[in-house]
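What follows is one structure encoded as structure tokens, with my remarks underneath.
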Amino acid sequence: MEFDAAVSAMMACDLFSELSESEQGGLLMRATTRHCGAGTAVYEKDQKSGSSFALIADGCVNILGQDGAVLETVGMGSIIGEIGPVSPQKKRTFRVEACGDVDLLEWYLSDIEEKYPAVLKRLRDLAWDRITQWRE
């Protein structure tokens with residue numbers, strides 16, 4: 001993954017928008033990079049979350065419903081997997097599948113909870129918003 005793509009994705013994401021460049025750099029240093037090819041499952045429904053979530057740095061993913069239908073397609077700058085780590089069950093709620101090649105930056109809650117509490121709060125708010133959206 002190219003560094004410029006990672007920086008651009010972070011700058012495009014509301015979750016990190018209020019961080020200074022130094023704070024964004026610190027988070028980038030803590031991220032694990034992950035690449036998935038087309039059709040690959042990024043997350044499986046009911047999979048244990050391991051307290052991780054990801055930022056799409058390049059490419060796109062499909063969020064799939066129970067019947068396998070695409071509920072939403074999201075791309076660069078989008079957060080995925082945010083519900084599992086903050087839910088009591090710690091499980092993934094949807095299958096997330098790569099549309100094509102996709103590069104991800106992945107963090108664990110332990111990477112952010114102490115040094116970046118505002119990011120953790122926004123992540124929880126995002127998860128709650130998404131839960132509410134899918135229930136409607």
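The values are calculated or read from the model by the stated rules, or taken from the named source; none is laboratory data. Everything numeric in this text was worked out from a predicted model, so none of it was measured. Please note: Cβ atoms are built from the backbone with ideal geometry, for glycine as well, and neighbour counts cover all protein chains shown.
On the basis of being out of contact with any strand residue (DSSP E or B) (no Cβ under 8 Å at 6 or more places or on another chain) and touching a residue at least 24 places away in the same chain (Cβ under 8 Å), does GLU23 make the cut? So GLU23 fits the description; yes.
Residue by residue through the stretch 38-93, note down the ones that are closer than 20 Å to LEU15 by Cβ and charged (D, E, K, R). Full working, then the answer.
If we filter the stretch 38-93 for residues that are closer than 20 Å to LEU15 by Cβ, which is where we start, we get 42-43, 49-61, 63, 72-87, 90, 92-93.
The answer is ASP58, GLU72, GLU82, LYS90, ARG92.
Taken over the stretch 94-136, residues that are outside any helix (DSSP H, G or I), over 15 Å from MET10 (Cβ atoms) and of a type in the set (Phe, Trp, Tyr) amount to 2. Taking the numbered list (1) under 13 Å from the mean Cα position of the chain (by Cα); (2) under 21 Å from ARG130 (Cβ atoms) in turn, SER87 passes all entries but (1). Residue pairs whose Cβ atoms lie under 6 Å apart, separated by 6 or more positions or on different chains, with the first residue in the stretch 93-111 and touching a residue at least 40 places away in the same chain (Cβ under 8 Å) and more than 24 Å from GLY68 (Cα to Cα) and the second assigned to a strand (DSSP E or B) and not hydrophobic (A, V, I, L, M, F, W, C), are GLU106/THR32; GLU106/ARG34; GLU106/SER52; TYR108/SER52.
Inspect all residues belonging to the stretch 19-36 and state whether any of them is among the polar types (S, T, N, Q), more than 16 Å from LEU109 (Cα to Cα) and modelled with pLDDT under 95.
The initial filter retains those residues of the stretch 19-36 that are among the polar types (S, T, N, Q), namely 20, 22, 24, 32-33.
From what's left, more than 16 Å from LEU109 (Cα to Cα): 20, 22.
From what is left, the residues that are modelled with pLDDT under 95 are 20, 22.
The answer is yes, given that some residue of the stretch 19-36 is among the polar types (S, T, N, Q), more than 16 Å from LEU109 (Cα to Cα) and modelled with pLDDT under 95.
This table checks each residue for (1) out of contact with any helix residue (DSSP H, G or I) (no Cβ under 7 Å at 6 or more places or on another chain); (2) surrounded by 20 or more Cβ atoms within 10 Å (Cβ to Cβ); (3) closer than 19 Å to MET1 by Cα.
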residue	(1), (2), (3)
ALA38	yes, no, yes
LYS45	yes, no, no
LYS48	yes, no, no
VAL61	yes, yes, yes
VAL70	yes, no, no
THR73	yes, no, no
ILE80	yes, yes, yes
LYS90	no, no, no
GLU106	yes, no, yes
